[in-house]
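To start, the structure under review is shown below, and the notes come after it.
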Amino acid sequence: MTRVYVSGVGLTKVGRHFDKGLIDLAAEAAFKAIDEAGVEPEALVVGNMMSSSLQHQDNLGAYIANSIGLRGIPAFKVEAACGSGGAAVHAAFNMIKSGVYNAVLVVGVEKMTDHPTAVVTEALAQAADAEYELFYGASFTGLNALMMRYYMEKYQVSRREMSYWPVMMHKNAVANPYAQIRREIKLEDVEKSQVVADPIRLLDSSPIGDGAAAVLLVSENIVSKLAEKPIVEVAGSAMATDTVELSNRESLDAMPAAAQAAKKAYKMAGVEPRDIDVIEIHDAFTINAIVLLEELGFAPRGQAAKQLAEGRFAPGDKPTANPSGGLKARGHPVGATGVYQVAEVVMQLRGDFPGVKVDKAEIGLTSNIGGDGSSLIVHVLKRV
Amino acid sequence: MARDSGIVSWGAYVPRYRLKAEEIVNLWGWDSNIPKNLNVAEKAVENVDEDSITMGFEAAYNAILRANINPKRIGAVFFGTESKPYAVKPSATVIAEALGVTPATMASDLEFACRAASEGLRSALALVESKYIEYGLVIGSDTAQANPGDVLEYTASSGAVAFIVGPSKEAAAILEGVYTYVTDTPDFWRRGLSPYPKHGEAFTGEPAYFSHIEGAVRGLMESLGLKPDDFDYAVFHQPNGTFPLRVGRRLGFPKEKILPGLVTPLIGNTYNASALIGFARVLEQARPGQRILVAPFGSGAGSDAYSFVVTDRVNGLRGKAPRVDDYINAKKYVSYAVHAKMRGLYRRIAN
Amino acid sequence: MRLSPAQIWRTRIPRYRLIGKECKKCGRRHYPPRPACPYCGSRELIEVELPRTGVIESFTVIYTVMEGFKDRAPLIIATVKLDDGTRVVAPITDAEPEDVRTGMRVEAVLRRIRDDGSYGLIGYGTVFRPTILVHKTS
Ligand SMILES: CC(C)(COP(=O)(O)OP(=O)(O)OC[C@H]1O[C@@H](n2cnc3c(N)ncnc32)[C@H](O)[C@@H]1OP(=O)(O)O)[C@@H](O)C(=O)NCCC(=O)NCCS
Ligand SMILES: [Zn+2]
């Protein structure tokens, strides 16, 4: 089976791009990735969650492929709520592994600012169970808040300990030109910020924003023909799922699908958590990051927030968590996020990430969540 | 000369929220003596997620809980209301489904202003006596409307009551007789597309409330050969806190026999549940052998007068479900502004 | 959210009556009902009417409500552990945010959940409220 390499990446700045639609955003990221790779994609996989509910646009594969100069190629959309981007990379990875395709472009794109917050909040809640959660008004932030309170009460974690994560994210994002929010905040700012869904506050949540990210995955066949060889390999790509409805989960303080996906990805890549230099993990809400750090094997259960308060995972530490600023501050154009993460880690391993750099990073990991822990995608990337 | 039907069980529901009469006085610029004259200090109002169906469900749920019967044995669900959530589409089927009574049952919504549930009660008793059904479920439930600024606002309140009707050998109160008295009297009405009822003010009293209740009660006593002294309790429809006392006086019932079933001063007039919640409250304190007069009234106009005799089954039933007073006492005051939001009185537009 | 007559009808029994399923293989119950056991995958399931009382396991108070819920803000949503251990996600009604606690006893009530405008359907469902009344069930 061929190895899979990343031959090009492209990002747009995350933000309120009132002047750009789905196609404009997708094109900007895709053109950068194609141009950087110097490879013509054979197929396109689009990662997107809400084009149907917010733009009334389906058929996104053909729509984007044939709008960005890739007329005729096979193209389709992959949807796994906020995990759509990661799932799209996973699908493209397997397409290449299968030997059928040699160069697959993945574009994650989301256009969230066409509507007011209440409408976007309803659309996002479609990640949850429509008949038994969304119907009752349980917003996505609300469902994550249920997990946050449960976790804090179970492990006696204080509000203060939870606040270190967003502070670190905002700090990391300052240097990232692609980030939506580039402003440092203090612990007190988090604790004084408006309550969105108690105990989740504004500064525990990712903002609403538009963005697109692209990565071009290629097989060994393509690499052998390139003058300038890509230096980052997708060494592990795995996905696992859990019930969409929170009610049928084993426990509210865990995301077992993350551990399952990570276990597979680690095995595929032949690495262990302690080998990893840089991670980009899904922190749509502070609690997501905390639980992921534990599920991925970077902190013991109940300890991640406490370790963060002691300075763990900051730039200079191993692993460095979310040097991009994460979903919290880089932003979270939902269906694009998983692709942003992969592109950012690729740049870290290549040494050309234009923000906080992780020196001599050899191995990186991304983890993207769809739903409140129901779709989990983990990628391990290696410098070759 | 007891008949072969009666009340097997009862259940009530009063929403948690209360609006003080003084809020209405202040908002609409009324004379501050009005609440005292009406003998209504506050009224029960529904939460934003409540309507006559949800309230009726809870009252019926309590009645079934208290009766401890299999809901499938209920053969008729009659829902009396003048605040139907759907103008066309039965409320009774929602409740019957939620209780597990469906599908082999009669079910319908009845309309006769505040007397619809009472008509349902009469019919259900008759269906039981004729052995058409084993048990009947009768529900009275209203989120009563009043034009903001209308004096009706002091009293129009929200609440529900339900009865399981069955054979007399299972009854906590056996039916002794019933007498109905109706005429075409336009004292209070609401046209199809109107959000609020209109009424004849003073005309709602003498020719409507008083003459119909008196007609029914006198007819009942005459047919059964009973005098006011033979009754231990008298429960009348209670559009405010004073009419029931006055009609009682005119019929010869002393205040002490009326007060136990007089709930309007505490929660307002719950329309289809008005006299019937009073009846439920009386069942929660009456002793076996006591006789209860129940006389609901509905505008338009009509009244049914019932005589029930309490059996010793009543003692075992009281603690089996929340009592009327449990609901009356569990209360939380809201401002008029919050009540208006809960009721959807603000005109909002969608995003 | 547009309410579909067929969908309202299909979901009415589990929504009104808290009908879940019990697995004949592993014995665990779940809600909402699924075609296979979420815990062991078995398809041998029986319908069960779940208990209508339980305790709050976790809760949130949502201030940024979704479209259609402004009149209920702040909206309290909880995970309730029913007395048989089954978990349900549902709104908490008739309660002030400051009074809600984890571990609080709650009971199921039928409430109005959504209106499809003034002319469309009304969706009913089960929500929970603090057990304020003394229930003696037997
Ligand atoms: C938290 C949230 C409700 C805030 O929305 P809002 O109240 O409508 O906020 P606005 O867009 O009006 O922004 C108000 C201000 O706060 C800032 N802001 C908004 N969200 C922010 C956030 N999450 N973090 C920091 N600042 C934020 C804005 O930049 C704006 O400041 P400005 O006026 O200087 O530009 C919304 O961002 C949200 O729902 N986020 C979660 C998204 C989500 O669920 N994603 C999927 C999860 S997988
Ligand atoms: Zn099982």
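At-a-glance table
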{"read-out": "Meets criteria (buried (at least 22 other Cβ atoms within 10 Å of the Cβ), more than 27 Å from residue B:204 (Cα to Cα) and more than 10 Å from chain C (Cβ to nearest Cβ)) for residue B:334", "value": "no"}
{"read-out": "Residue match in segment A:253-267 (condition: within 14 Å of chain C (Cβ to nearest Cβ) and within 16 Å of ligand 1 (Cβ to nearest atom))", "value": "yes"}
{"read-out": "Test: residue in segment B:53-68 that is modelled with pLDDT of 95 or more, over 22 Å from the mean Cα position of the chain (by Cα) and assigned by TED's automatic domain parsing to the domain that holds residue B:331", "value": "yes"}
{"read-out": "Residue among B:233, B:209, B:179 that alone is crowded, with 22+ Cβ neighbours inside 10 Å, of a type in the set (Ser, Thr, Tyr) and closer than 20 Å to residue B:308 by Cβ", "value": "B:233"}
{"read-out": "Any hit, segment B:320-337, residues being in a strand (DSSP E or B) and assigned by TED's automatic domain parsing to the domain that holds residue B:20", "value": "yes"}
{"read-out": "Number of the condition not met by residue B:277 [criteria: (1) away from chain C (no Cβ under 13 Å); (2) in contact (Cβ under 8 Å) with a residue 40 or more places away in the chain; (3) surrounded by fewer than 24 Cβ atoms within 10 Å (Cβ to Cβ)]", "value": "(3)"}
{"read-out": "Residues being of a type in the set (A, V, I, L, M) and touching a Cys at 6+ places or on another chain (Cβ under 7 Å) - total across segment C:36-84", "value": "1"}
{"read-out": "Segment C:19-31 - residue that is within 17 Å of residue B:98 (Cβ to Cβ) and in a strand (DSSP E or B) and, of those, farthest from ligand 1 (Cβ to nearest atom)", "value": "C:19"}
{"read-out": "Answer from A:200, A:231, A:222 - the residue that is under 30 Å from residue C:85 (Cβ atoms), over 18 Å from the mean Cα position of the chain (by Cα) and among the aliphatic types (A, V, I, L, M)", "value": "A:200"}
{"read-out": "Residues located in segment A:203-249, provided they are of a type in the set (Gly, Ala, Ser), away from every other protein chain (no Cβ under 14 Å) and either within 16 Å of ligand 1 (Cβ to nearest atom) or surrounded by fewer than 20 Cβ atoms within 10 Å (Cβ to Cβ) (or both)", "value": "A:209, A:211, A:213, A:224, A:227"}
{"read-out": "Residues located in segment A:285-337, provided they are on the phi < 0 side of the Ramachandran plot, buried (at least 24 other Cβ atoms within 10 Å of the Cβ) and among the small types (Gly, Ala, Ser)", "value": "A:289, A:304, A:305, A:321, A:324, A:329, A:335, A:336"}
{"read-out": "Residue within segment A:230-239 that is in contact (Cβ under 8 Å) with a residue 60 or more places away in the chain, acidic (Asp, Glu), touching a Lys or Arg at 6+ places or on another chain (Cβ under 7 Å) and not in a helix (DSSP H, G or I) present", "value": "yes"}
{"read-out": "Helices (runs of 4 or more DSSP H) wholly inside segment A:123-202 that include at least 1 residues being within 30 Å of residue C:33 (Cβ to Cβ) and within 14 Å of another protein chain (Cβ to nearest Cβ)", "value": "A:140-155"}
{"read-out": "Condition met for residue C:14 (assigned to a helix (DSSP H, G or I) and either farther than 17 Å from residue C:87 by Cα or within 14 Å of chain B (Cβ to nearest Cβ) (or both))", "value": "yes"}
{"read-out": "Qualifying residue in segment A:365-373 (condition: away from ligand 2 (no atom under 16 Å from the Cβ), surrounded by fewer than 24 Cβ atoms within 10 Å (Cβ to Cβ), touching a residue at least 60 places away in the same chain (Cβ under 8 Å) and away from chain C (no Cβ under 14 Å))", "value": "no"}
{"read-out": "Candidates B:298, B:252, B:261, filtered to the one that is farther than 20 Å from residue B:229 by Cβ, not assigned by TED's automatic domain parsing to the domain that holds residue B:36 and not charged (D, E, K, R)", "value": "B:298"}
{"read-out": "Condition met for residue C:78 (modelled with pLDDT of 95 or more and within 16 Å of ligand 2 (Cβ to nearest atom))", "value": "no"}
{"read-out": "Residues located in segment A:9-43, provided they are in contact with a Gly (Cβ under 6 Å, 6 or more places away or on another chain) and under 13 Å from residue A:113 (Cα atoms)", "value": "A:14, A:15"}
{"read-out": "For residue A:214: the one exception among (1) assigned by TED's automatic domain parsing to the domain that holds residue A:131; (2) aliphatic (A, V, I, L, M); (3) closer than 20 Å to residue A:87 by Cβ", "value": "(1)"}
{"read-out": "Enumerated strands (runs of 3 or more DSSP E) restricted to segment B:2-112, each holding at least 1 residues that are hydroxyl-bearing (Ser, Thr, Tyr)", "value": "B:6-13, B:17-20, B:106-110"}
{"read-out": "Failed item in (1) free of Cβ contacts under 8 Å to residues at least 60 places away in the same chain; (2) surrounded by fewer than 19 Cβ atoms within 10 Å (Cβ to Cβ), with residue C:22 passing the rest", "value": "(2)"}
{"read-out": "Any hit, segment C:77-87, residues being among the hydroxyl-bearing types (Ser, Thr, Tyr), outside any loop (DSSP other than H, G, I, E, B) and more than 9 Å from every other protein chain (Cβ to nearest Cβ)", "value": "no"}
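To keep it simple, each residue is scored yes or no on (1) in contact with a strand residue (DSSP E or B) (Cβ under 7 Å, 6 or more places away or on another chain); (2) among the aromatic types (Phe, Trp, Tyr); (3) within 16 Å of ligand 1 (Cβ to nearest atom).
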position	(1), (2), (3)
C:33	yes, no, no
C:36	no, no, no
C:50	yes, no, no
C:55	yes, no, no
C:59	yes, yes, no
C:66	no, no, yes
C:80	yes, no, no
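For (1) farther than 19 Å from residue C:110 by Cβ; (2) away from ligand 2 (no atom under 16 Å from the Cβ), each residue gets a yes or a no:
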| position | (1), (2) |
| --- | --- |
| C:28 | yes, no |
| C:55 | yes, yes |
| C:71 | no, yes |
| C:93 | no, yes |
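Every residue, every condition in (1) in contact (Cβ under 8 Å) with a residue 40 or more places away in the chain; (2) in a loop (DSSP other than H, G, I, E, B); (3) over 16 Å from residue A:342 (Cβ atoms); (4) of a type in the set (Gly, Ala, Ser), yes or no:
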site	(1), (2), (3), (4)
A:61	no, no, yes, yes
A:68	yes, yes, yes, no
A:73	no, yes, yes, no
A:76	no, no, yes, no
A:89	yes, no, no, no
A:92	yes, no, no, yes
A:100	no, yes, yes, no
A:108	yes, no, no, yes
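Residues checked against (1) facing another protein chain (nearest Cβ under 8 Å); (2) more than 13 Å from the chain's Cα centre (by Cα); (3) not hydroxyl-bearing (Ser, Thr, Tyr):
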residue: C:36; (1), (2), (3): no, yes, yes
residue: C:43; (1), (2), (3): no, yes, yes
residue: C:50; (1), (2), (3): no, no, yes
residue: C:54; (1), (2), (3): no, no, yes
residue: C:58; (1), (2), (3): yes, yes, no
residue: C:61; (1), (2), (3): yes, yes, yes
residue: C:68; (1), (2), (3): yes, yes, yes
residue: C:71; (1), (2), (3): yes, yes, yes
residue: C:75; (1), (2), (3): yes, yes, yes
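The values are calculated or read from the model by the stated rules, or taken from the named source; none is laboratory data. Just so it is clear, the model here is predicted, and its values are computed rather than measured. Don't worry about glycine lacking a Cβ; one is built from the backbone with ideal geometry, like all the others, and counts go over all protein chains shown.
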